[in-house]
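For reference, the structure is listed below as C-alpha cells.
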Amino acid sequence: MKILVTGGAGFIGSNFIRLVLSKHPDHEVVNLDKLTYAGNLDNLRDIEANPRYSFVHADICDADAVAAAMDGIDAIVNFAAESHVDRSIGGPADFIQTDVFGTYVLLEAARSHNVGRYVQISTDEVYGSIREGSFSEVDRLQPSSPYSASKAGGDMQVMAYHTTFGVPAIITRSSNNFGPYQYPEKIIPLFITNALENKKLPLYGDGANVRDWIYVTDNCEAIDLVLHQGKIGEIYNIGGGNERDNLSITKLILGALDKDEEKIQRVPDRPGHDFRYSIDCSKVKELGWAPARSFEDSLRETVDWYVDNCWWWEKIKSGKFARYYQKQYEKRNSS
Ligand code: NAD
Ligand code: DAU
C-alpha cells in the first residue's frame, strides 16, 4: 500500500509514519507537509533515508501540489491541521483555511484519483464538553473553540463526500495524545520543558479541567487498524481511558522531575474552556484494539524523553516560539 500522509512532520503524523514503516515492510509513505511552525523534519530524522519514505513540501490547500503527489497513492491519511486551541482563539483564519478548506482539497483529490481509503484524523473536541458520561460516535457535535469548530467543519465535509460521491472515507476522533515530538505549546511538553528550564508552569483557572490521555503510539496503532480494517463511512472514537485533571497532571510532572510545586502559577482561564472530554471507545475496541500502555509509565517515559532530547525542544523554544509564548503569557497576566 502506498499512503499519502498529510501533516506527517507534526507530532502524531511523524509517530504514525514511524509505526507504518516498521510494521508494514511492503508499505510506502509519501509525507506531504507545509512545515508550519509545528512541522519539524527533526521528528523524522531516523527514517528520512528509508527508501520507502519520501517528503513533499506543500500545502494541503494547494490542489495542484496535492494532485502532483497523488501518483500511485492507494490511501490518504490526513493529519494536517492547525491543532492548538489557544492559537485558534488568537487567530482563527488559518484554522478555517487548513482544517476545513484543506480537507475539501484532499477529498477532491481522493475522489478524482479513486483512492481505496481516506482517513480523516479528527478529535474528541468536536463533541464539546461533557460533565458526566461519555460521547459516542452518533452524538451531535457541539464544538466550543474556533479550533474544534474547524475540525467539525472538516468532519462534515468528509461525511458529505462519502454520502454524495462515495469517497471511501473513515473518521477517527481521538482524545489528548502525549509522547515524544509533541510541540512544547501543549500542556504536557510545555510543563515538562518549563520545569526543566526552571520556569513557572502556567495552569489555567483552578486546574480542575479533565482530559482523557492516550499515549501517541496507542493512537497510531488504532489509526493503522482503522486504515486497514475499519468500515468505510464509519467514525471511530479512540481514547486512552485515562481521565485526569490538569492539576494532577502538573503534580505528576513536577514529581517525576523532583521539582517543587511552587513552580505552579495560576493564570486566567482559557476563554470557552471545555471542562471535560470523555468518549466511549467500544466501537474501535470491537475491531480488536485496546491501549497497550499504562498512563503513569508512559508519562514517566515521556518526561525522560524530553530530559534526554533537549536538542529537539531547546531550538524550538529559543526561536519564534519564545516570542509568541512570551506575548501570550503577558496578555493572560494583564487581563
Ligand atoms: P501538530 O500541530 O503537531 O502537527 C500538524 C502538522 O500539520 C504539522 O506538521 C504542520 O506543518 C502540518 N500542517 C499544518 N497546516 C498544513 C497545511 N495547510 N498543509 C500541509 N501541512 C500542514 O498536530 P498533532 O498534534 O500532530 O495533530 C495531528 C492531527 O491530529 C490534527 O488533525 C489534530 O487535529 C488531530 N488531533 C490531535 C490530538 C492531540 O492531542 N495532539 C488529539 C486528537 C486529534
Ligand atoms: O482532545 C483532543 C485535543 O487535545 C486535540 O484535538 C488538540 O489538537 C490538542 O491540542 C488538545 O487540546 P487541549 O486544549 O485539550 O490541549 P492543551 O494541551 O492545549 O490543554 C490541555 C489542558 O491543559 C486544557 O484543559 C488547558 C490546560 N492548559 C493548557 C496549556 C497550554 C493549561 O492549564 N495551561 C497551559 O499552558
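The values are calculated or read from the model by the stated rules, or taken from the named source; none is laboratory data. Being a predicted model, the structure only gives us computed values, none of them experimental. All Cβ positions, even for glycine, are placed from backbone atoms using ideal geometry, and neighbour counts span all protein chains on display. Remember, those area values only see protein heavy atoms, side chains included, never the ligands or the DNA or RNA. Shrake-Rupley method; radii C 1.70, N 1.55, O 1.52, S 1.80 Å.
Quick one: accessible area per residue over the chain, 1.4 Å probe, rounded to a whole number of Å²?
41
Lysines within cross-link reach of Lys23: Cα-Cα under 17 Å, excluding same-chain residues under 8 positions apart?
Lys2
Once label points are set 7 Å from the Cα along Cα→Cβ at both Thr163 and Ala65, what is their separation, rounded to one decimal in nm?
A separation of 3.2 nm, rounded to one decimal place.
Any idea which of Ala292, Gly91, Ala110 is furthest toward the positive side of the dipole for the stretch 2-334, if Lys and Arg beta-carbons carry +1 and Asp and Glu beta-carbons -1?
Most positive-ward Cα: Gly91.
May I ask you to order 93-104, 66-77 by the average number of other C-beta atoms within 10 Å around their residues, highest value first?
Ranking, from highest mean packing down: 93-104, 66-77.
Tell me the Kirkwood radius of the stretch 2-334: reciprocal of the mean inverse pair distance over distinct alpha-carbon atoms, in Å.
After inverting the pairwise mean of 1/r, the radius is 20.1 Å.
Summing Lys, Arg as +1 and Asp, Glu as -1, what charge do residues with Cβ under 11 Å from the Cβ of Gly133 carry, Gly133 excluded?
My count for the surroundings of Gly133 gives -1.
Roughly to the nearest percent, how much of the accessible area of the stretch 2-334 is carbon and sulfur, given a 1.4 Å probe?
Heavy-atom surface of the stretch 2-334 belonging to carbon and sulfur, 1.4 Å probe: 49 percent.
Hey, could you grab the Kirkwood Rh for the stretch 169-228? Inverse mean 1/r over distinct alpha carbon pairs, Å, one decimal.
After inverting the mean inverse Cα-Cα distance, the result is 13.5 Å.
How far is it, in nm, from the label point at His228 to the one at Glu48 when both lie 7 Å from their Cα along the line to the Cβ?
Between His228 and Glu48, the label points sit 2.9 nm apart.
Which three numbers, in whole Å and largest first, are the semi-axes of the equivalent ellipsoid of the stretch 86-234 derived from its Cα gyration tensor as √(5λ)?
They are 30, 17, 16 Å, listed largest first.
Given only helices, namely DSSP H runs of n ≥ 4 each adding -39500 (n - 2.57), what is the per-residue ellipticity at 222 nm of the chain, to the nearest 500 deg cm²/dmol?
Rounded to the nearest 500, the figure is -12000 deg cm²/dmol.
Could you tally up the Lys pairs in the stretch 143-288 with alpha carbons closer than 26 Å? Skip any pair fewer than 8 positions apart unless they're on separate chains.
Counting lysine pairs in the stretch 143-288 gives 19.
What nm distance separates the two modelled labels at Glu261 and Asn309, each placed 7 Å from Cα along Cα→Cβ?
Spacing of the two 7 Å Cα→Cβ label points: 3.0 nm.
So how much accessible area does His228 have, in Å² to the nearest 10, using a 1.4 Å probe?
60
From the protein chains alone at 1.4 Å, what is the descending order of accessible area for Val56, Val119, largest first?
Sorted by accessible area, descending: Val56, Val119.
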